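**Q** Can you keep this structure in mind? I'll have questions shortly.
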Amino acid sequence: MLVVCLEAEYKRNIPIMKKINNQKKIEITQKTVIVLEIIVLAIVYLWFWRNMIFSWELFDPFLGRGKYILLAVYGLIAAVLIGLCDGFKLGQLKLTDIMFSQWIALIITDVITYLQLCLMANVMIDAVPVLLMMVADIVVSSVIIAIYSRIYNRIAVPSSVLMVYGNKGSVVLKTKLDDISDRYRVQELVSIDVGLDEICARADKYDAVVICDVDARQRNDLLKYLYLNEIRTFLTPKISDVIIGGGDRIHLFDSPLVEIKSTGISVEEELIKRFFDIVLSLIAVVILSPLLLVVSLAIKLEDHGPVFYRQRRITKDMREFDILKFRSMIVDAEKNGAQAAVDGDSRITRVGHFIRATRIDELPQLFNIIRGDMSLVGPRPERVENVQEYSAAIPEFVFRYKVKGGLTGYAQIFGKYNTTAYDKLRLDLMYIENYTLLLDIKIILMTIRILFKKESTEGFDKVLSAEEILGDLSDGK
């Protein structure tokens, strides 16, 4: 089969060059918009510098060429932070996600700018001009994003997708792709069991192919055919793929090697990570102390029950600890045993609905971080009984405990409350195998964005079964 596939000529009926040119047009437009946006934001800064900040006599020495240096620094900080927040992923993320990402980055940029100016002046200066600049930045950003969105919708055509699955349960991925139907439309589901010849014949009719949980040998043969025929391909990685992807490429001789360290985060990285955990957690506790006090009073006044809720969780090296949360459910909510929350759960209190939706219920875990039970970023600590259940079904689940559990992490940024254990494991391993301090900073910044995303708190009752998906497709839905 593989020989036949590799010897096949480029026989696709799809006008490849037209699609490639269209994709290049989109990429060029994206890069142009990004550059123009940074330039416009820098001009806004320069305008405020000349008309507002110049009024501060403290900055007379910067009336000359010095202002252009500050202008370049401002543009660089804005570009880096927007990039870290994924605010430049135009045409990839949802419009609201891009807007929130850019707003967060610009607010942080303007705060840094204000502190920079205070240090230069050696005094706390009037913040009003910087606040006005912050509003102007947000308006400019929103307008540019809206304009690009209209351009993108005019030139971009959703890709028709063939989904090839091995495990029947993996077709649940279709529901996630349906959420971005403006970019990808799954038009056919086919089992790998129909044979590679049939799948290759069908693949020629589509713009892209998604491969889900297919046997490694069959997946490799199919992937080589798709690569040869320039068919865009997406696949769900296996655990071994994630581990290999985090390895270091070394060249000792003419045969390439990949080194798998198998140790998680190094000792040096752990020390640096711990330092930032303590510093940032202490700062957060001080800044958020009024909010923590208000929430505590609201919980106490609603039903006079305890403010905090403690639960046994698992962290690094399978060590158990008591995680601390604001109580969001009625007292004795789990008197009949552990039960996952669903939408409309009657056990959730009025205050609980708000603090769960905004993730405020997780803030007491800052004290867990200071104690050393957790880290700011890492795999989310699971309940003891859940770890036992997941490990029995997925032996590799223990891999995620090479590092401390985190207040936020990959699975919290890219997953949902109802994300499956296997998908959480893959996301968490991607974090562990690709860890850098910069990645931690990026995840912390992106965590702010997900506070505004309702779908990330969906209950388990929102998940469709594989049978429902296959049934809907056969009915023509």
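The values are calculated or read from the model by the stated rules, or taken from the named source; none is laboratory data. Remember, predicted model here, so these are calculated numbers, not experimental data. Every residue, glycine among them, receives a Cβ derived from its backbone with ideal geometry; neighbour counts consider all protein chains shown. Ligands, DNA and RNA are stripped out before the accessible areas are found, and what is left, the full protein with its side chains, is counted by its heavy atoms. Shrake-Rupley method; radii C 1.70, N 1.55, O 1.52, S 1.80 Å.
**Q** At 20 °C and 1.002 mPa s, grab the translational diffusion coefficient of region 220-360 from Stokes-Einstein with a Kirkwood Rh over Cα pairs, rounded to a whole number in µm² per second.
**A** 104 µm²/s
**Q** What figure in square angstrom, to the nearest 10, would you give for the accessible area of VAL40 with a 1.4 Å probe?
**A** About 50 Å², ignoring ligands and nucleic acids.
**Q** Anything over 20 Å Cα to Cα? Flag those among LYS273/LYS316; LYS89/LYS224; LYS94/LYS174; LYS31/LYS89; LYS273/LYS404; LYS89/LYS402, in the order listed.
**A** LYS89/LYS224; LYS89/LYS402
**Q** Still on this structure: Sorting ARG185, ARG359 by accessible area (1.4 Å probe), largest first, what list results?
**A** Ranking ARG185, ARG359 by accessible area, largest first, yields ARG185, ARG359.
**Q** Quick one: length gained pulling LEU293 to ARG150 fully straight, 0.36 nm per residue minus the C-alpha distance?
**A** 47.0 nm
**Q** Mind checking the full-extension length gain between PHE414 and VAL128? Use 0.36 nm per residue of separation minus the Cα-Cα distance, one decimal, nm.
**A** That works out to 99.3 nm of additional length.
**Q** Suppose the chain between VAL285 and ARG359 were pulled fully straight at 0.36 nm per residue; how much longer would it get relative to their current alpha carbon spacing?
**A** Length gained, VAL285 through ARG359: 25.1 nm.
**Q** Roughly how many Å² of PHE100 are accessible to a 1.4 Å probe, to the nearest 10?
**A** Number for this one is 50 Å².
**Q** Largest first, what is the accessible-area ranking of SER346, SER149, SER262 with a 1.4 Å probe?
**A** Largest to smallest exposure gives the sequence SER346, SER262, SER149.
**Q** What distance in nm lies between label points placed 7 Å from Cα along the C-beta direction at SER262 and SER160?
**A** Placing both labels 7 Å along Cα→Cβ, they lie 4.8 nm apart.
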